[in-house]
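Asks: There's a structure below that I have some questions on.
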Amino acid sequence: MFPVALDLTVLRAAVAGGGAAARQRVRLLDEAGAHEIKVFAPDADKDMRLVAGDRLVERLPTTADLDVIDVLFIADLGEEAEAALAALARKQRVLVNTEDVRPLCDFHVPAMVRRGDLLLAISTGGASPGLARRLKKHLSQSFGEEWAGHIAEIAQARSRWREEGVPLRELAQRTDTLIDEKGWLS
């Protein structure tokens, strides 16, 4: 595995499926700031309709749909439909994640703790979702909501230092000094 953070304000994402796991993917994409999400759910229930809103398309994606999608999350469609859709998406060079079906995944979604722009990701490569869940709980307690403000503060300082022409090596030193002075990791 190689960890990356996708900029979903640039990449186009979609979800295919209509159950609880598909709804959770839509929520995670919303939290990540994804724009122009399409939600393909041929059998959408009222909960999916509520989560998807006007992004709902009540069918599975076609080749034409996949031509304008970069990342596709598949869940709750059943083994046969998921395999067929994953194959079609891959033909169109779309990155695919199929909920709990490792062979149908080009990438995995880690457990995440989000505090503003701070994103802590925990992955066991699918080996132990239970351990990832426990680590997420631990990190959530260790890095509370106040970290959103810490990140905003450090971002402002870094921006100011860059405007002043501070070299990159010194930026790192100033960042460490600010963190120590604030006692954020004490």
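Asks: Could you work out how far apart the two model spin labels at Val68 and Lys91 are, taking each label as a point 7 Å from the Cα in the direction of the beta carbon, and quote it in nm?
Replies: Calculated label separation equals 2.1 nm.
Asks: Applying the Karplus parametrisation 6.51 cos²θ - 1.76 cosθ + 1.60 with θ = phi - 60° to the phi angles of region 76-89, what ³J(HN,Hα) value in whole Hz is obtained for each residue in order, glycine and proline being reported as x?
Replies: Karplus-based 3J(HN,Hα) across region 76-89 equals 6, 9, x, 3, 5, 5, 5, 5, 5, 5, 4, 5, 4, 5 Hz.
Asks: Pop a pseudo-label 7 angstrom from the Cα along the beta-carbon direction at both Thr9 and Asp54 and give the gap in nm to one decimal.
Replies: 2.1 nm
Asks: From the gyration tensor of the Cα coordinates in the chain, what semi-axes in whole Å does the equivalent ellipsoid have, largest first, with each one equal to sqrt(5λ)?
Replies: Semi-axes, largest first: 36, 18, 16 Å.
Asks: So, one more: Across region 96-111, in residue order, what do the Karplus-derived ³J(HN,Hα) couplings come to in whole Hz, using 6.51 cos²θ - 1.76 cosθ + 1.60 with θ = phi - 60° and x for Gly and Pro?
Replies: Karplus values, whole Hz, x for Gly and Pro: 10, 10, 10, 3, 6, 10, 3, x, 9, 10, 8, 7, 10, 9, x, 5.
Asks: Give the residue from Val4, Ile69, Gly17 lying farthest towards the positive end of the charge dipole for the chain; charges sit on Cβ (+1 for Lys and Arg, -1 for Asp and Glu) and the dipole is referred to the Cα centre.
Replies: Val4
Asks: Tell me, what is the FRET efficiency for Arg133 and Glu181 to the nearest 0.05, using R0 = 35 angstrom and their Cβ-Cβ distance as r?
Replies: It comes to 0.55.
Asks: Just to be sure I understand the model, the point goes 7 Å from the Cα along the line to the Cβ. What's the resulting His35 to Gln141 distance in nm?
Replies: 3.9 nm
Asks: Okay, next question. To the nearest 10 degrees, how steep is helix 20-31 against the longest Cα principal axis of the chain, on a 0 to 90 scale?
Replies: 40 degrees
Asks: Please give me, ordered by residue number, the trypsin sites (Lys or Arg not before Pro) of region 82-136 that lie in loop per DSSP and have at most 14 other Cβ atoms within 10 Å.
Replies: Arg93
Asks: Now for a separate question. Given R₀ = 30 Å, FRET efficiency for Ala121-Gln173 by Cβ-Cβ distance, to 0.05?
Replies: Efficiency at R0 = 30 Å is approximately 0.70.
Asks: What residues from region 1-25 fall in the zone where the backbone N is under 15 Å from a label point 7 Å along the Cα-to-C-beta line of Arg158?
Replies: 5
Asks: Please check: in the Gaussian network model of the chain (C-alpha springs, under 10 Å), which one of Ala81, Ala172, Ala157 has the largest mean-square fluctuation.
Replies: In this elastic network of the chain, the residue with the biggest mean-square fluctuation among Ala81, Ala172, Ala157 is Ala172.
Asks: Could you report the chain's accessible area per residue, 1.4 Å probe, as an integer in Å²?
Replies: I get 61 Å² per residue for the chain.
Asks: Let me check I've understood the local charge: for Ile37, count other residues with C-beta under 11 angstrom from its C-beta, Lys and Arg +1, Asp and Glu -1. What total comes out?
Replies: +2
Asks: What is the set of long-range amide H partners of Thr98 at a cut-off below 5 Å, with H atoms built 1.01 Å from backbone N?
Replies: Placed amide hydrogens put Ile74, Cys105, Asp106 under 5 Å from Thr98.
The values are calculated or read from the model by the stated rules, or taken from the named source; none is laboratory data. All values reported here derive from a predicted model rather than from experimental measurement. Ideal geometry is used to build each Cβ from the backbone, glycine not excepted, and the neighbour counts take in all protein chains shown. Heavy atoms of the whole protein, side chains included, go into the accessibility calculation; ligands, DNA and RNA do not. Shrake-Rupley method; radii C 1.70, N 1.55, O 1.52, S 1.80 Å.
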